[in-house]
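Below is one structure; the comments refer to it alone.
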Amino acid sequence: MLNLKSKEWEILQFTPPLIGLSTHQRYFDNSNQTSHGVIGQEFDNVAVIVDPYFNYDKNGDLTYSGDSYYPANKMLFQNMTRTRNQLKILILNNPVILDRCLTLLGVSRPFHPKVQSFLVAL
């Protein structure tokens, strides 16, 4: 993620709770802006993290099974809609979400050269 930051990407992360911890705080970096801090703002290049706790329910709606004080699926939407030009979705250890994204892009495995996937063990 430091490489993205040095290339003028705004890495938006979920707002942590005031008290206690949430699952997504393991990726937290105090130098990045949070969902609540960017309401009403836009950025040319935005990067967001989709971790292993995102999934789909039986109706196909995006859900989050990790601990989060604020609704993580809504914060993800908030962060993604701050993008003016380019959006990078960093998918961490989540093949279900990766496959859905590739399907939406019309790409199948093996990966198209423009699609980058990083499955990171944390």
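For the listed peptides 34-47, 71-84, a ranking on the average number of other beta carbons within 10 Å per residue, highest first, reads 71-84, 34-47. With one equal scatterer per alpha carbon and no solvent term, the Debye-computed log10 I(q)/I(0) for region 7-93 at 0.10 1/Å reads -0.23. Net length available on complete extension from residue 104 to residue 59 is 14.5 nm, with 0.36 nm assigned per residue and the Cα-Cα distance removed. Phi angles of region 16-21 translate, via the Karplus equation with coefficients 6.51, -1.76, 1.60 and θ = phi - 60°, into HN-Hα couplings of x, x, 5, 10, x, 10 Hz per residue; Gly and Pro are given as x. Applying the Karplus relation 6.51 cos²θ - 1.76 cosθ + 1.60 with θ = phi - 60° to region 41-50 yields 3J(HN,Hα) values of 9, 9, 9, 5, 10, 10, 10, 10, 10, 10 Hz, where x marks Gly and Pro.
If the segment from residue 86 to residue 26 were pulled out straight at 0.36 nm per residue, it would be longer than the present Cα-Cα gap by 19.1 nm. Projected label points at residue 44 and residue 93, each 7 Å from Cα along the beta carbon direction, are separated by 3.5 nanometres.
For residue 47, the residues whose modelled amide H falls within less than 5 Å of its own, excluding neighbours fewer than 5 places apart on the same chain, are 10, 11, 12, 88.
FYI, it's all coordinate maths here, none of it is from the lab. Model, not experiment: these values are computed from the prediction. Positions of Cβ are backbone-derived with ideal geometry, glycine not excepted, and every protein chain shown enters the neighbour counts.
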